[in-house]
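What follows is one structure encoded as structure tokens, with my remarks underneath.
The values are calculated or read from the model by the stated rules, or taken from the named source; none is laboratory data. Model, not experiment: these values are computed from the prediction. Just the protein is used for accessible areas: all its heavy atoms, side chains included, with ligands, DNA and RNA removed. Shrake-Rupley method; radii C 1.70, N 1.55, O 1.52, S 1.80 Å.
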Amino acid sequence: MRGVTATKSFASAAAAVLAGAALCLAAPGTAHAADPCQLGWSNVGPRTCAMTEVRTAPVAFLGDGVCVGILNVAGTAFDGPLAEYTEAPGAAHAVVLRVSQGFSPLGNWAPTVLACDVHLVAEWHNLDHGNTGSVTHFIPAGRTSTYPTIFLADTGPGRVQLTVRTDRPNLPQSVEVFVP
């Protein structure tokens, strides 16, 4: 009799755990259409909470002396405003860019190759409003994909032509992105 009771207890406990897990996965939180959206912890004013991913082809460049490098540029275009503890507190209708250097053939377990100290220049032209701008950041060779440099391009809303290059001889890359 004891074996049957233990089996029933185990089966009951297993069923309860599975039912609880299913509920957690099926309904991790509730959202209502009337709730304002949030980016980070921001909750100021009406917006779409739309975000657009941005990625360019790698920017190949020549660094100081005999150094050859590549920059990997990716980011997110958003409507904002962003929260206090984000990359750009209060920013709205802009692009946050994440820039890393080189690549590691064996992932995090091998050294990064094709990385040199360089200044990145990000230039943009808002095709809908005509606004232009640029921002320059120093990107040290140690800023790999594990520790990217993060900065803001304050483009305004609309279709934006974004070009990234360096202050050294390089092959610049351009991409068109919609900033909500």
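A compact table of results
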item: Note, ³J(HN,Hα) from phi for the stretch 148-165, Karplus 6.51, -1.76, 1.60, rounded to Hz, x at Gly and Pro; result: x, 7, 10, 8, 10, 10, 7, 8, x, x, x, 7, 10, 8, 10, 10, 10, 8
item: Segment C67-R159, length gained on full extension (0.36 nm per residue, minus Cα span); result: 29.6 nm
item: Stretch gain in nm, segment L106-T52, where the contour uses 0.36 nm per residue and the Cα spacing is subtracted; result: 16.5 nm
item: Solvent-accessible heavy-atom area per residue, rounded to whole Å², over the stretch 52-180 at 1.4 Å; result: 50
item: Sequence-distant residues sharing a close amide H with A83 (under 5 Å, placed H); result: W41, S42, G90
item: Placed amide H near R159: partners under 5 Å, 5+ positions off or other chain; result: L127, D128, V179
